[in-house]
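Encoded as C-alpha cells, the structure appears first; notes follow it.
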Amino acid sequence: MPSDPEMSAAEQDQKTQAQLDSIALEIKAIQPLTSGLISIHGLQALFDDNTNFKKGCTYLSQSYASYRAIRGDGNCYYRAFLYCLCEKLFAEKGTELKRVMDYVKGSIDTVVQYGYDRFAIEMFHEEIVDLLEAVSSNDDFEIIHKMLNEENATSDYCVWYLRVITSAYLKADGDRFVHFLDDPNYFDIPTFCSREIDPMGREINMVGVLALAEAFSVKVEIEYLDGREMSEGKLTKHSFGNETSSLVFPLLYRPGHYDILY
Amino acid sequence: MTEYGKELLRRQLAELNKNPIDLVSVGLKDDADLYDWEILIMGPDGTLYEGGFFKARLQFPPDFPNMPPTMTFESDMWHPNVYEDGKVCISILHPPGEDAMNAQESADERWRPILGVEQILISVISMLSDPNDESPANLDAAVQWRNDRPAFKKKVRQIVRKSQDMC
C-alpha cells in the first residue's frame, strides 16, 4: 500500500488493519475449511512454466491423483492434521482408533500440568472426543466432512485443542525441542509456544509439526513444493513422528501453506 | 454457535464461584444473561489500591471465545491503564492476532480462546499492583504516575475511600 504523507500514522495503521480484515473475510468467503477432492493436475495451472514449481507439479501428478485444499488462514496445518486423523481412523476403525481415542481422552490431564486451565479448555477437549466418537459411530464419512466444514464450530475448537496438545508436548520435553527452534526470535520453549503455537492463525513450523506427529504417534509425510532444485525428478520429502505407524498423513507443503495429498 | 460460548461461560462462572481466586468475586448482572458479569475486586494489599472495593463489569461479545470480553470499572478508578470512562486497556483484553496498532504488544499477551476468564481477572489484579505506563489509556494518570507520585497516591486514596463508602 503506498503511504500517503497526508495521513497520520494511526490512520495509516487503521487502513492497513481494514485491508487485512477484508482479505481475511474474502478468504473465508471463497475457501471452504476443507475442500472436496481436486485433481492433482489442477495444481499445474497455478504456476508459471519452466519453474521448479511447475516441475514439482509434474512429479506430484505421477505420484498422486488428487489433493484436498485447506483454508489458508494460518491454521491449515492443524486443520489438515485433524482431517487426516479423522479420515484415516474412519477407514481403520480398529486398534488405532481405540488407541488414539484413549490418548485424546487422557490428554487433558497431561496438558493441565503445563499451565492450561482445565475449565478454560475442557469444552474444546470434549469437542475432539465427540468428534472421534462420531468417527467411530458413523458409517458415512460425509457426515464427518460436514462437521469439519461448519464455520466457527468443531474444526476451530479442535484446532485450538491440537494447539494445546502441541504446546504441552513441546513443554514436556523442552530441553530437547529447544534445539529445533529455527527462529532467531526465540530462545525458550514456553515463550515460543505462547506466541507461535497457542494463538489461532499462527502458522506452524518444523518443531510444531514434529511435536504434533509424535504426540499422536502417527507418521506425517510432507512433500515440499518449495521451488528448490529437484533431485532425480522428485520433490524433497520428509516424514515426522512414528515411522512405523499405519496412520500415514501425506501432506503437500507450499511456502506458507499445507494441503492433503491422495 | 452462540450456545457454545454460553456453555463455556456457564462453566467458568460456576468454577469461579466454587473456587474463587483471591481478591475477586464474580456474579451475573442479570441471572438470565451469561454474557454480562458483575465483578467485585478488592485492592491488593501492599498496593496503592489496598482497602478498595471496586465494582466492574465484564461484558462478553456474542462471538466469545473467539473474541475477548471488555472490562469496565463502574467504581471510580484512577490508573494509567484504565480509560476515564472506566474501560480497562490491557493486552489480554485485545483481540487476537498481530495488528499494526501496537507494535510493542506481541501476540502472546493478547486474548486467545484457550485462556479462561480467570486469566483475565488475574491480569487485572496484576495491573493494579503494577501499572504499565508504556502504553497508557489515561494519559493524565500515566503522566502523574511517572512525574508526581505523591499526587497520584492522593488521588488513588480518594477513589479507595469513595469505593468503601459505596459498599
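Restricting attention to segment A:72-98, the residues that are open to solvent by 10 Å² or more (accessible area, probe 1.4 Å), out of contact with any Gly (no Cβ under 7 Å at 6 or more places or on another chain) and either in contact (Cβ under 8 Å) with a residue 40 or more places away in the chain or of a type in the set (A, V, I, L, M, F, W, C) (or both) add up to 9. Comparison of A:VAL164, A:VAL135 shows that the only residue that is more than 14 Å from chain B (Cβ to nearest Cβ), out of contact with any strand residue (DSSP E or B) (no Cβ under 7 Å at 6 or more places or on another chain), surrounded by 14 or more Cβ atoms within 10 Å (Cβ to Cβ) and at pLDDT 95 or above is A:VAL135.
Taking only segment A:10-35 into account, find how many residues are surrounded by 11 or more Cβ atoms within 10 Å (Cβ to Cβ) and more than 30 Å from A:GLU87 (Cα to Cα). Result for segment A:10-35: 10. Here the helices (runs of 4 or more DSSP H) wholly within segment A:114-173 that include at least 1 residues being farther than 29 Å from A:GLY36 by Cβ are A:118-137, A:154-172. Scan segment A:231-241 residue by residue and report those that are surrounded by 15 or more Cβ atoms within 10 Å (Cβ to Cβ) and in contact with a helix residue (DSSP H, G or I) (Cβ under 7 Å, 6 or more places away or on another chain). If the condition is that a residue be surrounded by 15 or more Cβ atoms within 10 Å (Cβ to Cβ) and in contact with a helix residue (DSSP H, G or I) (Cβ under 7 Å, 6 or more places away or on another chain), then A:LEU235, A:PHE240, A:GLY241 are the ones that fit. Under the condition of being aromatic (Phe, Trp, Tyr) and open to solvent by 20 Å² or more (accessible area, probe 1.4 Å), the residues counted in segment A:175-199 number 3.
Residue count for segment A:168-217 satisfying the condition of being more than 16 Å from the chain's Cα centre (by Cα), of a type in the set (A, V, I, L, M) and farther than 20 Å from B:ILE114 by Cα: 2. Considering only residues that are surrounded by 15 or more Cβ atoms within 10 Å (Cβ to Cβ) and hydrophobic (A, V, I, L, M, F, W, C), which ones fall in segment A:36-71? Hits for segment A:36-71 are A:ILE40, A:LEU43, A:PHE47, A:PHE53, A:CYS57, A:LEU60, A:ALA69, A:ILE70. Is there a residue in segment B:7-23 that is within 28 Å of B:PRO150 (Cα to Cα), at pLDDT 95 or above and surrounded by 14 or more Cβ atoms within 10 Å (Cβ to Cβ)? For segment B:7-23, residues within 28 Å of B:PRO150 (Cα to Cα), at pLDDT 95 or above and surrounded by 14 or more Cβ atoms within 10 Å (Cβ to Cβ): absent. With respect to the conditions (1) buried (at least 18 other Cβ atoms within 10 Å of the Cβ); (2) modelled with pLDDT of 95 or more, A:PHE119 falls short on a single one, namely (2). The set of residues from segment A:189-199 being over 16 Å from A:GLY256 (Cβ atoms), within 12 Å of chain B (Cβ to nearest Cβ) and of a type outside the set (Phe, Trp, Tyr) comprises A:PRO190, A:THR191, A:CYS193, A:SER194, A:ARG195, A:ILE197, A:ASP198, A:PRO199.
I need the full set of residues from segment B:145-167 which are open to solvent by 90 Å² or more (accessible area, probe 1.4 Å) and touching a Phe, Trp or Tyr at 6+ places or on another chain (Cβ under 7 Å), in order please. Hit for segment B:145-167 is B:CYS167, nothing else. Among the residues of segment B:39-87, those identified as open to solvent by 70 Å² or more (accessible area, probe 1.4 Å), of a type outside the set (Gly, Ala, Ser) and under 24 Å from B:ASP165 (Cβ atoms) are B:ASP45, B:GLU50, B:PHE53, B:LYS55, B:GLU74, B:ASP76, B:TYR83, B:GLU84, B:ASP85, B:LYS87. Give segment B:24-35 a look and list any residue that's without any contact (Cβ under 8 Å) to a residue 24 or more places away in the chain and open to solvent by 30 Å² or more (accessible area, probe 1.4 Å), or say none. Answer for segment B:24-35, where residues must be without any contact (Cβ under 8 Å) to a residue 24 or more places away in the chain and open to solvent by 30 Å² or more (accessible area, probe 1.4 Å): B:SER25, B:LEU28, B:ASP30, B:ASP31, B:ALA32, B:ASP33. Taking segment A:1-82 and the helices (runs of 4 or more DSSP H) fully enclosed by it, the elements with 3 or more residues that are within 14 Å of chain B (Cβ to nearest Cβ) and more than 30 Å from A:TYR161 (Cα to Cα) are at A:9-30. Within segment A:205-230, the residues that satisfy the criterion of being open to solvent by 10 Å² or more (accessible area, probe 1.4 Å) and over 17 Å from A:ILE165 (Cα atoms) are A:GLU221, A:TYR224, A:ASP226, A:GLY227, A:ARG228, A:GLU229, A:MET230.
The values are calculated or read from the model by the stated rules, or taken from the named source; none is laboratory data. What you are looking at is a predicted structure, and each value in this text was computed from that prediction instead of being measured. So basically every Cβ, Gly included, is an ideal-geometry build from the backbone, and we count neighbours across all protein chains shown. SASA here: full protein model, heavy atoms, side chains in, ligands and nucleic acids out. Shrake-Rupley method; radii C 1.70, N 1.55, O 1.52, S 1.80 Å.
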